[in-house]
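Enquirer: My structure is below; once you've seen it, I'll send some questions.
The values are calculated or read from the model by the stated rules, or taken from the named source; none is laboratory data. Everything numeric here is computed off the predicted structure, so don't read it as measured data. Heads up, the Cβs are rebuilt from the backbone with ideal geometry, glycines too, and the neighbour counts pull from every protein chain shown.
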Amino acid sequence: MRRMLHKAIFYQKFIEKNFSVVDMNDKTVPFIWNPIQKRIAGDLTGMDIILKARRHGMSTLILAMMAVDFIMTENFRAVVVSHETKATQKLLDKVNFFLESMKASLPPEVIYPVKMKYASRNELVNENKNSSFYIGTAGAKAFGRGDQISWLHLSEAASYDDLNGFLVGIVPAVQGGNISIETTAKGYNYFRDLWVRNQDSPKPYKTHFIPWFENPEYIRPCSLNETFTEEEKALMQKYSLNGNQISWRRYELDRMNGDLDHFGQEYPASAEEAFIVSGNCVWSPSLIRWYMDRTKKPVTQVNLFGVDPVRVEENEKGYVKIWKAPDRRHRYVIGADVAEGKNQGDEKQGDYSCAQVLNQNTMEQVAVWRGRLDPDLYGRQLDMLGRYYNNALIAVEKNSIGLLTLNTLRDLYYPNLYYREKFGLISEKTTEELGWVTDRMTKDLIVSVATQQLRDKRIRLYDEDTLGEMKAFVRNSAGQAGAASGYHDDLVMSLLIAIKMLSQPQNMEHGNPIERDAYSGIQGIFTSNIGESGDYVEDFGGSEEAEISKQDWNWRN
C-alpha cells in the first residue's frame, strides 16, 4: 500500500491538534474528523476517485492533508485544480485558514514552521521546506505540463469541460506522487467512464463512494409511532436506515418541494443513482429507476436463418435477444436504426445497428437485434426478424445509409414496410417514400409520444442495455435530445421509432397499398411462418395465461 494508508493516523493527530475549520453554524472550531473523513483517509491509496453526496467535507479533508505535507515535507509540490477560478481560489483560502489557525494556536515558545517566501491568490511557497501550494483551473492552457507534482487534487472533476484531455496532459507530471479526484456526479460523461473503468481491480485508481446516509448529521428525531411509506420501508431495508434518517430525508424532500430527482442528485444513496439523476436527462430518473427494477434477462439469445420458415439457433453472442417468441394471434412492430457505416469494424468506436421488436397487442418489448453489419446485410437480418414475428411492420430510419437497408428489404419483397407520413397537416398523410425520416420535428414527436407511454407505464421494457442508453439520453443546451458525449443512442432511437409504430395500422396480407401492385405478382413466393395447422416455432416465453388487461395491471403495480 502507498504511504498515505500508513500516515492516516499521523495526519489526523496533526490536523486535529493544529487546524481549525468553520462549521455549518459559521463558528470557528477545532478540525475534528467526522466518521466519513476517518474512513476515507484510512482507505486512500494515493490514486483515488471519490464520488460523494453534498457536504461531507471531502475537499476540506484532502486540502488539510496536503497542507500538512506543505508544512512538513521537503520539496513538496501540491497542485489543486477546480472547474472555475472562484471555486479554486476558495480552496486556497481554506489552506490559508488552516495555516493561520495553526499559527494562532501555537504557544509562544514554539516556532511557527512556515516561512512564507511567496504568497499570492494562486500560489504559496514555504521557504523552510522549499515546498509550494499551487492552484489553477482546468481550462488553463498547458496547466501542469513540465511540473513535478507531489500531490495533484482535482476538485469537482466531473464539471471539467475536457477531463480526458486535462488528465492526459497533467498526469505524467505526477511521477510517484498522489492523485485524488473528488466530485459530485454530473451525468453521463468522461468522469462516469473513468469511475466505471476503475471499479474492478486491478486498476490504477481506487473508487470511493459516500452516500448521504453515512453523514451522522443527516438525522431528525421521529416519533416511536411513526408510520413509513412502502418506498421508505424499502429504503430502510436496502440501506439499513433508521427512522431518524428517514425523518431527515422527508424534511429535505419537503424543502425541495417533494422533488425526488433533485434530492437524488444532491444526496444519492448509491453510485448508480448519482449518475442516473445527474445531468439534463430526457426522462425522469425516478421513471428510469422504476423500469430498471423490472428488467429481465432474455430467455434466449439467437441468430436467425432461412425464410420459410425463419429458424433460430441459440448463440450466446447472437444478434437477437428474445424475451418472448412470436404469438400467432398477435401483431408486432419493429423500429430499426442503421449505423452510419463509419468505424463499423471497430468494436470500441463504431455505432451499432439496432432493432426493437414490440408486441402491438401487449405493448411489450419482446426482442432486440443489435450488431455491426453492412447496411445490405442488416436489411437481410431485418427481413428474417420481421417474418419471424408474423410479418411485423418494419420502420427503418432512412437517414443517410438507411436507404440501402430499405432497398434490400424491398428487393426481398418484404410485405409490411412503413411509408413516411407528412406531419403537421390538418390530416396526416401517407406518402410514397419508404422509411422513417428523423428530423428536428419528427424527433421531438417520437420523444413526446414515447414519454407519454413511458410515463403512463404502458410500455413494458425488459432490456438493461436499452435502459442504460436511456439514462444517457439527454438534452443539450439547445434543447435537442441525443446521447451524452461518448455514449450511443442506437437502442433508444430504434425504440422511439418502434413506439411510434404501435399506433400504426397494419395490412398483413398486402403491405402498404402504395406498392400493392408490386406485390401482387409475387404472392405466395414468401409466406408467413404460420402454417395452416396453426403450428409455430418453439415458444421460448411460454403461452400467455391472462388477458392483456390483467397483464397490464400486474405490470404497472
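Enquirer: Any residue at all in the stretch 198-215 that's over 24 Å from residue 153 (Cβ atoms), under 21 Å from the mean Cα position of the chain (by Cα) and not basic (Lys, Arg)?
Expert: yes
Enquirer: Okay, next question. Being outside the structural domain of residue 275 (by TED's automatic domain parsing) and closer than 19 Å to residue 340 by Cβ narrows it down to one of 503, 494, 477, so name that one.
Expert: The conditions single out 494.
Enquirer: Among the residues of the stretch 434-458 satisfying the criterion of being basic (Lys, Arg) and in a helix (DSSP H, G or I), which is surrounded by the fewest Cβ atoms within 10 Å (Cβ to Cβ)?
Expert: The extreme case among them is 440.
Enquirer: Could you identify the single residue in 482, 486 that is within 18 Å of residue 276 (Cβ to Cβ) and assigned to a strand (DSSP E or B)?
Expert: None of the other options fit; the residue is 482.
Enquirer: Then there's this: Please work out if residue 369 is touching a residue at least 24 places away in the same chain (Cβ under 8 Å), touching a Cys at 6+ places or on another chain (Cβ under 7 Å), of a type outside the set (S, T, N, Q) and on the phi < 0 side of the Ramachandran plot.
Expert: Against the criterion (touching a residue at least 24 places away in the same chain (Cβ under 8 Å), touching a Cys at 6+ places or on another chain (Cβ under 7 Å), of a type outside the set (S, T, N, Q) and on the phi < 0 side of the Ramachandran plot), residue 369 qualifies.
Enquirer: Next question. Tell me yes or no: at least one residue of the stretch 283-290 is part of a loop (DSSP other than H, G, I, E, B) and either modelled with pLDDT of 90 or more or not charged (D, E, K, R) (or both).
Expert: Yes, that holds for at least one residue.
Enquirer: Can you pull out the strands (runs of 3 or more DSSP E) entirely within the stretch 1-62 that have at least 3 residues that are surrounded by 15 or more Cβ atoms within 10 Å (Cβ to Cβ)?
Expert: The qualifying strands (runs of 3 or more DSSP E) are 47-52.
Enquirer: Please pick out the residue among 118, 134 that is within 15 Å of residue 68 (Cα to Cα), modelled with pLDDT under 95 and of a type outside the set (Val, Ile, Thr).
Expert: On inspection, the qualifying residue turns out to be 134.
Enquirer: Any idea which of 299, 307, 277 is of a type in the set (Val, Ile, Thr), modelled with pLDDT under 90 and within 26 Å of the chain's Cα centre (by Cα)?
Expert: 277
Enquirer: Please list, ordered by residue number, the helices (runs of 4 or more DSSP H) wholly in the stretch 158-270 having 1 or more residues that are modelled with pLDDT under 90.
Expert: In the stretch 158-270, the matching helices (runs of 4 or more DSSP H) lie at 163-170, 190-197, 230-239, 260-266.
Enquirer: Looking at the stretch 72-82 only, could you name the residues that are crowded, with 21+ Cβ neighbours inside 10 Å and not aromatic (Phe, Trp, Tyr)?
Expert: Those that are crowded, with 21+ Cβ neighbours inside 10 Å and not aromatic (Phe, Trp, Tyr): 77, 78, 79, 80, 81, 82.
Enquirer: Can you find, within the stretch 111-138, the residue that is surrounded by the most Cβ atoms within 10 Å (Cβ to Cβ) among those that are among the aliphatic types (A, V, I, L, M) and within 45 Å of the chain's Cα centre (by Cα)?
Expert: 135
Enquirer: Just checking, which of 52, 129, 117, 86 is under 28 Å from residue 213 (Cα atoms) and of a type outside the set (Asp, Glu)?
Expert: 52
Enquirer: From the set of residues in the stretch 291-324 that are assigned to a loop (DSSP other than H, G, I, E, B) and among the hydroxyl-bearing types (Ser, Thr, Tyr), which is nearest to residue 459 (Cα to Cα)?
Expert: Selected residue: 295.
Enquirer: Looking only at residues in the stretch 271-282 that are of a type outside the set (Val, Ile, Thr) and assigned to a helix (DSSP H, G or I), which one is surrounded by the fewest Cβ atoms within 10 Å (Cβ to Cβ)?
Expert: Per the criteria, the residue is 272.
Enquirer: Any idea which of 254, 200 is loosely packed, with under 13 Cβ neighbours inside 10 Å and either of a type in the set (Lys, Arg) or more than 26 Å from residue 40 (Cβ to Cβ) (or both)?
Expert: Going through 254, 200 in turn, the sole match is 254.
Enquirer: Okay, moving on. Do we have residue 340 as in the same structural domain as residue 353 (by TED's automatic domain parsing), within 26 Å of residue 438 (Cβ to Cβ) and not small (Gly, Ala, Ser) here?
Expert: Yes: the conditions hold for residue 340.
Enquirer: Could you go through the stretch 53-69 and let me know if any residue there is modelled with pLDDT of 95 or more, touching a strand residue (DSSP E or B) at 6+ places or on another chain (Cβ under 6 Å) and within 28 Å of residue 175 (Cβ to Cβ).
Expert: yes
Enquirer: Follow-up question, since we're still on this one. Suppose the filter is touching a residue at least 24 places away in the same chain (Cβ under 8 Å), assigned to a strand (DSSP E or B) and in contact with a helix residue (DSSP H, G or I) (Cβ under 6 Å, 6 or more places away or on another chain); does residue 98 pass it?
Expert: Criteria not met by residue 98.
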